[in-house]
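Heads up, the thing below is written out as structure tokens.
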Amino acid sequence: MPVIVVGADTPIGVAIVEALRPGAGELRAFVSDPTTIDDLRSRGVKVAVGDVSDGSHIGGAAMRAFCAVLVPEAAVDDRERSFADTPTAVLGAWLEGIADAGVHRVIWLEDPRFPDAAAMLAGVAAELAAIPTEGRTAAEIAGDVAEREARPKV
């Protein structure tokens, strides 16, 4: 079942794509940086490029995906955002798009810059997994994401 990584053009997003690639059926990447497209496509990843702050862009890319992995770094780094002016508003746009797309499972990378994330994520998808990130390497986090995604689809 399709998996989309929102923020696949961040360092942790790249690690997650690599960890998911061997086991995922259809793997999608949502990026804002068009210079990452060729590399991701060469790895067999379907790529959507858009404004990370536009819920309709996220929703279109996530349509019929079973799982969405949300990389909060993409909401706080220096990329251009036209539709949301705060990281929390970007997360809100992601959740709107994911809900519209009917995503079943959300994997959230915990981030202290989003203290209200748990409340925002509640009820967006049937399944929610929060992966701890503090003090952990990208490889460790990506491994946890891959393990969580490999669990049975219910």
Query raised in the report: Taking Asp116 and the conditions (1) under 20 Å from Ile16 (Cβ atoms); (2) at pLDDT below 95; (3) surrounded by fewer than 16 Cβ atoms within 10 Å (Cβ to Cβ); (4) not aromatic (Phe, Trp, Tyr), which numbered condition does it fall short on, given that it satisfies the others?
Result: (1)
**Report entry** Selection count, region 24-82, where residues are without any contact (Cβ under 8 Å) to a residue 12 or more places away in the chain and crowded, with 18+ Cβ neighbours inside 10 Å
**Finding:** 0
**Report entry** Selected residue [within 16 Å of Gly59 (Cβ to Cβ) and of a type in the set (A, V, I, L, M)] from Ala119, Ala99
**Finding:** Ala99
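Considering only region 96-125, state which residues are hydrophobic (A, V, I, L, M, F, W, C) and either farther than 29 Å from Phe83 by Cβ or free of Cβ contacts under 8 Å to residues at least 24 places away in the same chain (or both). Before you say what the answer is, go through the steps one by one.
To start, the set of residues in region 96-125 that are hydrophobic (A, V, I, L, M, F, W, C) comprises 98-99, 101, 103, 106-109, 114, 117-122, 124-125.
Listed by number, the residues that qualify are Ala118, Ala119, Ala122.
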Query - The one condition in (1) part of a helix (DSSP H, G or I); (2) surrounded by 15 or more Cβ atoms within 10 Å (Cβ to Cβ) that Ala139 fails to fulfil - result: (2)
Query raised in the report: So which helices (runs of 4 or more DSSP H) are wholly in region 30-121 and hold at least 3 residues that are over 14 Å from the mean Cα position of the chain (by Cα)?
Result: 37-42, 87-101, 117-121
Requested in this report: Taking Arg79 as the residue in question, decide whether it is at pLDDT below 95 and closer than 25 Å to Asp33 by Cα.
Outcome: yes
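The values are calculated or read from the model by the stated rules, or taken from the named source; none is laboratory data. Please read all numbers here as calculations on a predicted model, not as lab measurements. Glycine gets a Cβ as well: all are built from the backbone with ideal geometry, and neighbour counts include every protein chain shown.
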